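See below for the structure under consideration.
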């Protein structure tokens, strides 16, 4: 089946004119916050939009939401927080360095990277600093407990910010970009400069997992709600790795979902079903059901409008997306 | 796909005048906007809207090739800048005085995301007429920067005598006879001589170097850095040439800083043009041989401790 013949949900989209390259988006209950390359955050709700200057004269490099607030890191060296009500303020500020990595934990803590320095601030505002040897790239909090994974050159550092103990190093040669924990915290997986993923089994044995064969870098990773599958971008299909066994995906072939002649740029698993939203560099979006690989067309290929951000709302009834040319939209499932 | 953003790499030993040149470029009335990537953010006065601090993090690619290094910070910064397309027309990367230009250049060939959106325009090296000769003796980085350059700004010519100036230019030419060289004071030079050179475009290799084919087979010697040019008076056999150049750059890659060539294949109406950085080779058939033009073949290498005899014999053996 190809995108052209897939049953279509294109009529269920409410378009949003975000106005600039959408670098990140997040849901704040029923409002979508789009972080933009021109420094703005556009809030969209029920067909209305409101623009907030979160990073004046700068650009949003990274953005994350915990459902209540939208955190953005900018090339102005600031972490800003924007609410659904349009309020915005500076949460943290560094001198000179770009903020292009952020992590949010469920309990209100956040962390950001500024060059080689990683700053973590817990829910009570206590700030801790860790300097790593090379620029900190991806950051991710463990699903439980106040523990941060930091991706960098030659591996990942696992850090308990509020514990004096020396951070733990997970080593693997090469440049690690994004990092993610499996929902059960058994696995830590990174994407790498070398068009591959690398994973570590934290329990029981610190075993390595190498997932290679991508034609380009993976910059989007998404776990299924139960942690049994990890969907990834970087190929001309979403590559979905099986993580249900305690060994992880080693020795098993991944699923390839939504094979099209365009690279997958973003993936987002539905929050409570085996349905994967797949966004492509050519602007197309498909919904794919894992059980039978059936496809639904959300957005047809659109010239110079590659998908750069995508996220489901908490209930899984809406999917928001943003594109490189400033177009965006919100899909309502029928 | 829109046009790729040109990137100029500015190198030069400490104190040679890189910042002077950079500020000249930025303040000239050209109507263009530049994003400038500098090291040590904020420590030097650069009058530009978009200045980004870089850490010069040189990463080895985990592919078993020791000279396949890239600038990890540059990949990250370019990725971020591309989200602000339209804010600038070109990018200038200033390296530290001690930097090896190779990882910067290789980034544009090894990283797909970078090569999809940006193109390396040229490596411009600023050299201090008074101190370069000394630096060439004691600083391998200075030698790398000269060897790597597409454009050399021989600056501070007012601080030396004409004889000293000729001597230092001869030193430069011994290492790199192919770069465009300009003698300057205070880096006073028309901007067009520095920017938009398209030095890495295969179809510009002939245009850029009019002396290229008439160079003859004389060559120059530095103590360890050398340039070798070999000419075959006629066509070469692609079945022999392609494995030879591929093997040579794989085996000698760490020692070969730059290579270029224009070769004639039998029954091929177009020239085969290639250029390379260490082990990375980029080549294609490019532009017709003109009617009546002599179809001969030439390769040039700039590198360290190259085996001139083996390279010469190897290329000559490819002749049809």
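We did not get these values from a lab; they are worked out from the coordinates using the rules stated. Owing to the predicted nature of the structure, the values given are computational and were not obtained by experimental measurement. Backbone-built Cβ (ideal geometry, glycine too); neighbour counts: all protein chains shown.
Some notes on this structure:
- Protection proxy ranking, highest mean first, for peptides B:238-245, B:226-233: B:226-233, B:238-245, where packing is the per-residue count of other beta-carbon atoms within 10 Å, averaged.
- Per residue of chain B, the DSSP helices (runs of n ≥ 4 H) give a summed -39500 (n - 2.57) that works out to -8500 deg cm²/dmol at 222 nm.
- The separation of the stretch A:184-222 from the stretch A:56-72, counted between C-alpha centres, amounts to 26 Å.
- Test item: B:56-62 mean partner chain Cβ contacts at 10 Å: 5
- Cα Rg over Rh - the stretch A:54-157, Kirkwood: 0.95
- Here the label points at residue B:317 and residue A:144, each 7 Å from Cα along the C-beta direction, are separated by 6.7 nm in the simple model.
- Using a Förster distance of 25 Å, the FRET efficiency for residue A:89-residue A:314 (Cβ separation, nearest 0.05): 0.55
- With a simple spin-label model that places each label point 7 Å from the Cα along the Cα-to-Cβ direction, the separation between residue A:184 and residue B:98 comes to 4.9 nm.
- Size estimate for the protein assembly as shown follows the Kirkwood approach: the inverse of mean 1/r over distinct Cα pairs works out to 26.7 Å.
- When the Cα gyration tensor is reduced to axis lengths a ≥ b ≥ c, the ratio a/c is 1.5 or higher for the stretch A:97-250, and with a/b above b/c it is classed as prolate.
- Kirkwood-type hydrodynamic radius, the stretch A:175-334: 15.7 Å, calculated from all non-identical alpha-carbon pairs.
- Gyration tensor (alpha-carbon) shape descriptor, the stretch A:67-120, a/c threshold 1.5: oblate
- Centre separation in Å (Cα based) which lies between the stretch B:142-163 and the stretch A:223-269: 53
- In summary, the convex hull built on the alpha carbon positions of the stretch A:192-238 has an orientation-averaged projected area of 3.7 nm².
- Model label zone, residue B:4; criterion: amide N under 18 Å from point 7 Å along Cα-to-beta-carbon; scope the stretch A:204-226: A:216-217
- The angle between the Cα long axis of helix B:18-27 and the main principal axis of chain B comes to about 70°, on a 0 to 90 degree scale.
- Counted over chain B, the DSSP beta bridges are approximately 50% antiparallel.
- Counting only other chain Cβ atoms within 10 Å of each residue's Cβ, the peptide A:186-194 averages 2.
- Within 10 Å of the Cβ of each residue in B:78-89, the mean number of Cβ atoms contributed by other protein chains is 5.
- When the alpha carbon gyration tensor of chain A is reduced to an equivalent ellipsoid, its three semi-axes come out at 29, 26, 17 angstrom, largest first.
- Between the C-alpha center of the stretch A:121-146 and that of the stretch B:50-99 there is a gap of 25 Å.
- Full extension of the chain between residue A:124 and residue A:226 yields a length gain of 33.7 nm, computed as 0.36 nm times the residue separation minus the alpha carbon distance.
- Three-way shape call for chain B based on the alpha-carbon gyration tensor, with the a/c threshold at 1.5: prolate
- Shown is the FRET efficiency for residue A:294 and residue B:137, computed with R0 = 51 Å from the Cβ-Cβ distance and rounded to the nearest 0.05: 0.10.
- Within the listed set B:182, B:30, B:278, the residue fluctuating most in the Gaussian network model of chain B (springs between alpha-carbon atoms under 10 angstrom) is B:30.
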